[in-house]
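Notes for the one structure printed next.
The values are calculated or read from the model by the stated rules, or taken from the named source; none is laboratory data. Owing to the predicted nature of the structure, the values given are computational and were not obtained by experimental measurement. Because the Cβ atoms are built from the backbone with ideal geometry, glycine has one as well, and the counts that use them run over all protein chains shown. The protein model used for the area step is the full one, side chains on, heavy atoms only, and it has no ligands, DNA or RNA in it. Shrake-Rupley method; radii C 1.70, N 1.55, O 1.52, S 1.80 Å.
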Amino acid sequence: MKKFTLVELVIVVAVVALLAAMIHPMLVAAREAAEEVGCRDNLSRMGKAAAQYATDSDGWAVTGYLGRGIGNWFAVFEKNYQVDKKAFQCPAETNYAFNSKQLNYGLNVLTFGETFGNGQKKVPHRVDEISKFGRDAQLIMFIDTPPVCDAYNGKIRNRAGQAAYYESTSPVAPKDSAKAYYPAYVRHADRANVVMFDGHAEPLSYQQLTEERAKYCNPCVKQWRDSNLAIREF
């Protein structure tokens, strides 16, 4: 029986190492692609739940906080529209809890409102009022956001913020966003996944979310006030 020489063993080890080096990036890319697809699937489910909520609520679009005894938008989706708690965690994010601080997705509250019955807060609007601007396919409804956790506090977001809310005027994480309360998070290779008001999900780049944000924000860009739906150029 022939034995391997030291040179032959070195060659075998080198070939194995080379193959591993070639395969590893492919495996990483495949995993990241699967995570991004899973993330967009999560967001699509939220878009469908938001559409059903509007149907059940006499045409009112879902808002961030739906009142005492009801709770935040995600709690309503989980309780009334069978959106499993796992769907609120992006597959690419390890930090997660089912609460307003550590959710992995945020509602665009500058468009869809933060709470009811307070003129000093962002207020909700009817679906048909929003749709009349013809922006449904480009209007962000839900987006990747960074959770409030020790790993991110002071680095890509502010501890006082909420992950369940997104404001288009906030900086985008992880770039220049350490003090942002409600930032988006480009956790997918410099992209953040979103679901638009018409229900389709897609990725948006850091550049799109910063330099072209007027294209994806509400017609006013900043928060809307009650019955104040005039177009504002950014």
Where labels lie 7 Å past Cα in the beta-carbon direction, separation of residue 179 and residue 128 in nm
4.4 nm
Given a cut-off of under 8 Å on Cα pairs at least six residues apart, what relative contact order in percent is computed for region 122-214?
27 percent
Distance from the Cα centre of region 30-68 to that of region 158-184, in angstrom?
20 Å
Take peptides 165-175, 103-113 and line them up by average Cβ neighbours within 10 Å, highest first, as a rough protection proxy.
103-113, 165-175
Using Cα pairs closer than 8 Å and at least 6 residues apart in sequence, work out the relative contact order for region 59-196, in percent.
24 percent
Give the peptides 77-88, 178-189 in descending order of average Cβ contacts within 10 Å, highest first.
178-189, 77-88
Which entries of 86/132; 48/86; 85/215 show an alpha-carbon separation above 22 angstrom in the structure shown?
86/132; 85/215
Solvent exposure of region 39-100 as accessible area per residue, Å², 1.4 Å probe
50 Å²
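Of all the accessible heavy-atom surface of region 132-196, with the other protein chains kept in place and a 1.4 Å probe, what percent is carbon and sulfur?
In region 132-196, the share of accessible area belonging to carbon and sulfur is 48 percent.
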